[in-house]
1. Could you please let me know if Ala144 is touching a helix residue (DSSP H, G or I) at 6+ places or on another chain (Cβ under 9 Å), at pLDDT below 90 and open to solvent by less than 60 Å² (accessible area, probe 1.4 Å)?
2. Scanning for something open to solvent by 80 Å² or more (accessible area, probe 1.4 Å) and at pLDDT 90 or above, does region 52-61 turn up at least one residue?
3. Given the condition closer than 26 Å to Ala220 by Cα and in contact (Cβ under 8 Å) with a residue 24 or more places away in the chain, answer yes or no: does some residue in region 140-157 qualify?
4. Being surrounded by fewer than 18 Cβ atoms within 10 Å (Cβ to Cβ), at pLDDT below 90 and part of a loop (DSSP other than H, G, I, E, B), is that true of even one residue in region 286-295?
5. For region 306-348, what are the residues that are surrounded by 12 or more Cβ atoms within 10 Å (Cβ to Cβ) and modelled with pLDDT under 65?
6. Evaluate the following for Ile99: is it β-branched (Val, Ile, Thr), in contact (Cβ under 8 Å) with a residue 40 or more places away in the chain, buried (at least 18 other Cβ atoms within 10 Å of the Cβ) and closer than 15 Å to Leu241 by Cα?
7. Does any residue in region 197-218 that is more than 20 Å from Leu241 (Cβ to Cβ) come within less than 6 Å, Cβ to Cβ, of a residue that is among the β-branched types (Val, Ile, Thr) and outside any helix (DSSP H, G or I) six or more places away or on a different chain, and which pairs are these?
8. Condition first: aromatic (Phe, Trp, Tyr) and buried (at least 20 other Cβ atoms within 10 Å of the Cβ). Now tell me which residues in region 237-264 satisfy that.
Amino acid sequence: MSELNIAAPATTSVAPQSKSITDRLSALRWPLIATIAVVLVATVAPFQLVPFHTFQLAMAMIYAVALLGLNLLVGHTGQISLGHGAFFAIGAYTAAVGIVQWDLPYLATIPIAAAITFVLGFALGVPALRLRGLYLALVTLSIAIFLVPLLKHFDGLTGGSMGLTVTKPQPPAWTGLAEDQWLYFLALVTAVLSFVFVAGMLRSRVGRALHAVRDNETAAEVLGVNLAHYKTLAFAWSALLAGIAGCVYTWVIAYVSPDSFALALSITLLAALVVGGLGTTWGPVIGGLFMMFVPSFAQDVNKAAPGVIFGLLIIAVMYLAPKGLAGLATQWTQWLGQRVRKGKSHAH
């Protein structure tokens, strides 16, 4: 009898575990297929598009990397930032100054920009320990406001109001790529590596801690989560990704000026992330596309009021998809999945 009692729990404990593994593999199948399909399409795209459209897609991927960092902070940690454009600018100017003033190799500017923005983001995370909501938003907003005059003041280093012109990195001869294609692939590789890095982080203990902070800070602290550590870490990693995006931006645009990084950039980044979908995997990608192509579309519709059209489109998206376009796509996918499962059950 004792042997039977010992064997029974072993049988019942294995079945749920195998079932959960099967469910997890099934849940990961479609996102993995979608990711591979997107990467394949992105790889082929520059060979099918004219140079200007290739440039637009490269810029969309750069914005997606910046939005990935903002999503890590706002969507996954629950903190607010209206100064994300400032870290984007710091990364861009770090690359420009390094290339023009110090004659650094292009690739060497990425770790420098990442290190500088990481330290500055960590420093910004310190006030976040005592501030929340509107007060934290005002602190981050102040950074975006005073950065532009600061860049103009140090004209010997930053070029002042005139900015700095940078030579674009040329493709190696062995690649056989045109300049626009080479810049596109630099942006694509940067985006893919950034998304893989953040995906790994969110699946680790760090990601679980960030989600705990977002959902309930008091409960997270009771469970042993170090709020000070993870809040400052979220600001630091968010700023680092923005700095990397700004660095590649300088390579692609080949020009930086203070007016390119005004307060409107920070607000547009936050709006694009909300439209794409806070806390979602594809939100930054959709937000980057929205940020790049919608203003261009609005300019074509009415050159006198592109801002009005841009704002109205944001309002329409928020009304029709409160969870963002990525959230809307997820709902449609779930609905289709339910319909397919119902159809199969009726067939049997």
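1. Yes: the conditions hold for Ala144.
2. Within region 52-61 (the criterion being open to solvent by 80 Å² or more (accessible area, probe 1.4 Å) and at pLDDT 90 or above), the answer is yes, since at least one residue qualifies.
3. Looking through region 140-157, at least one residue is closer than 26 Å to Ala220 by Cα and in contact (Cβ under 8 Å) with a residue 24 or more places away in the chain.
4. The answer is no, given that none of the residues of region 286-295 is surrounded by fewer than 18 Cβ atoms within 10 Å (Cβ to Cβ), at pLDDT below 90 and part of a loop (DSSP other than H, G, I, E, B).
5. none
6. no
7. Going by the 6 Å Cβ cut-off, the qualifying pairs are Ala212/Val225.
8. Result: Trp237, Tyr249, Trp251, Phe261.
The values are calculated or read from the model by the stated rules, or taken from the named source; none is laboratory data. Keep in mind that this is a model prediction, so the values were computed, not measured. Virtual Cβ from ideal backbone geometry, glycine too; neighbours counted across all protein chains shown. Just so you know, the surface numbers come from the protein's heavy atoms only, side chains and all, with ligands and any DNA or RNA stripped out. Shrake-Rupley method; radii C 1.70, N 1.55, O 1.52, S 1.80 Å.
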